Amino acid sequence: MPRRHRAFTLIELLVVVAIIALLIAIMLPALGKAREQAKTAKCLANLKGIGNGLVVYHTENDGFVVPSYNMGAPTAANTYAGGDNDPLDGWAPILDRDGMVPGRRAAGNQVFYCPNTLDLLGMAAGDTGADPDKPRGYFEWPSIRKPDKSNVPTTIPDRNFTRIIRVAYWINSANSIGSSTTTDQDVYYTGSVGYKGTGPVMRLTKWTVFKRPQALIALADGLYAGKQGNNRLNGVDGVTNSRVGYRHNGGKYANAAFADGHAESVLYLDFPRTAKIENVGPRTVYADPDAQP
């Protein structure tokens, strides 16, 4: 007699498919969480590497901190005129050129680029504005700042800046272009060297002015230099209009590097702004918190 072969019934196949679907549904959130944790870890490693590069820079430059960027001579009205003949170099290209931290223009796996960076030129018009996505984008240095506040990436061969660096991190800097005539020398981690406001031309910051380097934020997720009063989402309570890009753990955390070279994740509610009460804890935006009003 012919041998009979047992096959799966339709109900049995449906049960197997249902079990597989259930397992996938259970595993997907865990995989997504693991992927996000990996991106957060990669970003922290980036900032740790750059933070170490910042320490090497001031160690090899007589204690002077890397400038946010170097400016040309100010106009008679103490404002920056911009123009094709006066490009801004930028802190990332300086570290790259001087061999402290290598960078490149490509997105993805490079140290100046957070893995959660949006594919968005965040300061095409000169500012991040109120769009919450723009601080999560990137900026390209060196750059020419045009009189209309637009930015045009450029190399500066005569200063040995031979490539453009794509950057997705904010630097804690006195950056007064277009917003103030005050010269905030030695107030934050660094400054826009060459700016002239109500006072002398801004010079390089000396590392010795840092009273709590282990607490002083040097870099963070986001791409705007300056405007420390808007470090939180919305500048007030965590919604929009922040100069820092909160890219991690559902948009609630920013990674930061500190003046002593270490890096950590910071909840947006704990990220200090310019209010003195926010700079008495384990983190500050001020070189000397006790000297601020």
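The values are calculated or read from the model by the stated rules, or taken from the named source; none is laboratory data. What you see is a predicted model, and the numbers here were worked out from it, not measured in a lab. Heads up, the Cβs are rebuilt from the backbone with ideal geometry, glycines too, and the neighbour counts pull from every protein chain shown.
For this structure, a couple of remarks:
- Subset of segment 261-280 (residues that are more than 19 Å from GLY226 (Cα to Cα), assigned to a loop (DSSP other than H, G, I, E, B) and in contact (Cβ under 8 Å) with a residue 24 or more places away in the chain): GLY261, HIS262
- The one condition in (1) hydroxyl-bearing (Ser, Thr, Tyr); (2) surrounded by fewer than 19 Cβ atoms within 10 Å (Cβ to Cβ); (3) modelled with pLDDT under 90 that SER176 fails to fulfil: (2)
- VAL167 out of contact with any strand residue (DSSP E or B) (no Cβ under 8 Å at 6 or more places or on another chain), surrounded by 16 or more Cβ atoms within 10 Å (Cβ to Cβ) and farther than 19 Å from GLY194 by Cα: no
Rundown of residues vs (1) touching an Asp or Glu at 6+ places or on another chain (Cβ under 8 Å); (2) part of a loop (DSSP other than H, G, I, E, B); (3) within 18 Å of ALA257 (Cβ to Cβ), yes/no style:
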{"position": "ASP96", "(1), (2), (3)": "no, no, yes"}
{"position": "GLY103", "(1), (2), (3)": "yes, yes, yes"}
{"position": "TYR113", "(1), (2), (3)": "no, yes, yes"}
{"position": "ASP131", "(1), (2), (3)": "no, yes, no"}
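- Restricting segment 217-245 to residues that are of a type in the set (S, T, N, Q) and under 14 Å from ALA130 (Cα atoms), the residue that is modelled with the highest pLDDT is ASN231.
- Screening segment 137-170 for residues that are part of a loop (DSSP other than H, G, I, E, B) and within 24 Å of VAL201 (Cβ to Cβ) and picking the one that is nearest to the chain's Cα centre (by Cα) gives PRO142.
- Only one entry in THR183, THR198, THR208 is surrounded by fewer than 22 Cβ atoms within 10 Å (Cβ to Cβ) and either part of a helix (DSSP H, G or I) or of a type in the set (Phe, Trp, Tyr) (or both), namely THR208.
- Matching option when the condition is of a type in the set (A, V, I, L, M), farther than 24 Å from GLY251 by Cβ and either surrounded by 14 or more Cβ atoms within 10 Å (Cβ to Cβ) or modelled with pLDDT of 95 or more (or both), among MET123, MET100: MET100
- So SER150, is it in contact (Cβ under 8 Å) with a residue 40 or more places away in the chain and of a type in the set (S, T, N, Q): no
- On inspection, GLY72 qualifies as surrounded by 11 or more Cβ atoms within 10 Å (Cβ to Cβ), under 30 Å from ASP184 (Cβ atoms), modelled with pLDDT under 80 and touching a strand residue (DSSP E or B) at 6+ places or on another chain (Cβ under 9 Å).
- When ASP260, ASP221 are checked against the criterion of being of a type in the set (Asp, Glu) and crowded, with 19+ Cβ neighbours inside 10 Å, a single residue qualifies: ASP221.
- Of all residues in segment 171-216 being more than 22 Å from GLY129 (Cα to Cα) and of a type in the set (A, V, I, L, M), the one that is farthest from the chain's Cα centre (by Cα): VAL201
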